[in-house]
Amino acid sequence: MDLRKALTELKSKKTQDEREAKEARAPLIEIFHSIQGEGRFVGLPMTFLRTATCPLRCLYCDTPNSYEAPTTIPVNFGVRTQQEPNPVRAPRAAELVRQVSHATMPALRQPRVSVTGGEPLVFPEFVHEFGKAVRDQGMRLHLETAAIDPDALAKCINQVDHLSADFKLPETLAAPQHKSLLLMPGRNYGDLHVRCCEIALRRGASVDVKIVLTDRVQDPSFEQALEQLAPVRQKILLMLQPVTPFGPVKRSLPASDLERFVATAVRHKFDVRVVPQTHKILNLP
C-alpha cells in the first residue's frame, strides 16, 4: 500500500473519530413509523423516536420498558427490523429516522418525527443536534415531554416545531425516581410546565398541553391546573386524555367525570380537545 495514502486514510479516520466523539448521544428504546399521530396531530402519520430513562413515575405509564435502556434497539422499517447499538449518535438517529420515514411512507408531503420517551429532555443536547439534522432534511420536529425542566428545553427549543407538554396532576403520580422531584402535599409541577410552554411559545412553536385524567383526579386539583395555565391559555390547545387502564390503573374514567372536566375547561375559556390513546384503539404499537 502507498505510505502517503495510508497516512491520509489514518488521519481521515482519526478526524472522523474525533468528530463522532463530540456528537451528542442518547440511549433509545425504538424507532418506528405509525399512523397514530399524537395530540392535535392524532391520526397523522409520523415517525417516532423513543428515548430511554425518565425521572418521573406516572401511575398510568404504559411504557415502563423505557425506564432502562437496552443494549440494542429495534428500528422498524415496515418490511424489516434491524437492531441498532445503544447509545445512538444524533446524526445516526436522524439518518435512521429518514430511512424509516422513506421506507414506510415516501409520499408524505411534510414528514414529521415525534421525539418521545421516557423523557427526551434528559438529553437536551441530543434533541438539539437530532432536531437540526432532521429539520435540515425537511422534516418537522415534535417534542413530547413531561415539561419539568425548562432549562433543558431552552437548550434545544430552537429546533422544535411543536411542543406536546404534559401537565402532571399529583393524583396520577407515584414516587419519582429522584427525591429532589418529590412534591409537597397540595403541590404540582405547574410552574415548571408553564415555563416550558412560555419558552416554546416565544420560539414560535405550536403548543399542546396534555392532562391525563384518571378516576383518582379531584376537581380542585384539575381547577388548580387550569388556573396555573391561565397565562398561556389563549396560545395553547388543551388536550384531555381519559386514561387507558394499564398497570396500577385498573379502571377507565367514568363518562360523567370526563364530561364534567371538559365543561370545567370550557368554563375557564380553554380551547379543549378530548383525545384517548388512539394506538390502543387501532391496535397499533
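Evaluate the stretch 24-209: find the radius of gyration of its Cα atoms, find its Kirkwood radius, and give the ratio Rg to Rh.
0.96
Give me the number: length gained by fully extending ASP191 to VAL79, i.e. 0.36 nm times residue separation minus the C-alpha to C-alpha distance, one decimal in nm.
Roughly 35.9 nm would be gained on extension.
Can you give the relative contact order of the chain as a percent, counting alpha carbon pairs under 8 Å and 6+ residues apart?
17
Count neighbours as other Cβ atoms within 10 Å of each site's Cβ, and list the trypsin sites (Lys or Arg not before Pro) in the stretch 143-221 that are DSSP loop with at most 11 such neighbours.
Listed in order of number, the matching sites are ARG187.
Whose amide H sits under 5 Å from the amide H of VAL274, counting only residues 5 or more places off or on another chain, with H placed in the peptide plane?
When sequence neighbours closer than 5 places are left aside, the close amide H contacts are LEU240.
How much FRET efficiency would the formula 1/(1 + (r/R0)^6) give for ASN86 and LEU282, where r is the Cβ-Cβ distance and R0 is 25 Å, rounded to 0.05?
0.30
Quote to one decimal, in nm, the extra length available between ASP271 and LEU59 on full extension: 0.36 nm per residue of separation minus the C-alpha distance between them.
Gain in length upon complete extension: 73.7 nm.
Work out the FRET efficiency for ALA255 and ALA230 from their Cβ-Cβ distance, taking R0 = 30 Å, and round it to the nearest 0.05.
Calculated transfer efficiency: 0.65.
Under the Cβ-under-4.7 Å rule, which cysteines of the chain stay unpaired?
Singleton cysteines: CYS54, CYS156, CYS196, CYS197.
I want to check the label-to-label distance for GLU198 and LEU183. Put each point 7 Å from Cα in the C-beta direction and report it in nm to one decimal.
2.0
For a quick check: with amide H placed at 1.01 Å from N, whose amide H comes under 5 Å from LEU213's, ignoring anything fewer than 5 positions away on the same chain?
The answer is GLN241, VAL243.
For the stretch 24-209, what is the percent of antiparallel DSSP beta bridges, rounded to the nearest 5?
DSSP beta bridges in the stretch 24-209 are roughly 45 percent antiparallel.
What does the highest-first list of 30-42, 245-257, 114-126, 267-279 look like by mean Cβ count within 10 Å?
Final packing ranking: 114-126, 30-42, 267-279, 245-257.
Check LEU173: other-chain or 5+ apart residues with amide H under 5 Å from its amide H, H built from backbone geometry?
LEU59
For each pair in LYS179/LYS235; LYS155/LYS179; LYS132/LYS179; LYS168/LYS235, compute the distance between the two Cα atoms and list the pairs where it is over 29 Å.
Among LYS179/LYS235; LYS155/LYS179; LYS132/LYS179; LYS168/LYS235, the Cα-Cα distance tops 29 Å for LYS179/LYS235; LYS132/LYS179.
Return the tail of the calculated pair distribution for the stretch 151-259, meaning the percent of Cα-Cα pairs more than 16 Å apart.
Result: 62 percent of Cα pairs exceed 16 Å.
Read-outs throughout are calculated quantities, based only on the coordinates presented, and are distinct from any laboratory measurement. Quantities reported herein were computed from a predicted structural model and do not represent experimental measurements. Glycine also receives a Cβ, built like all others from the backbone with ideal geometry; neighbour counts cover every protein chain displayed.
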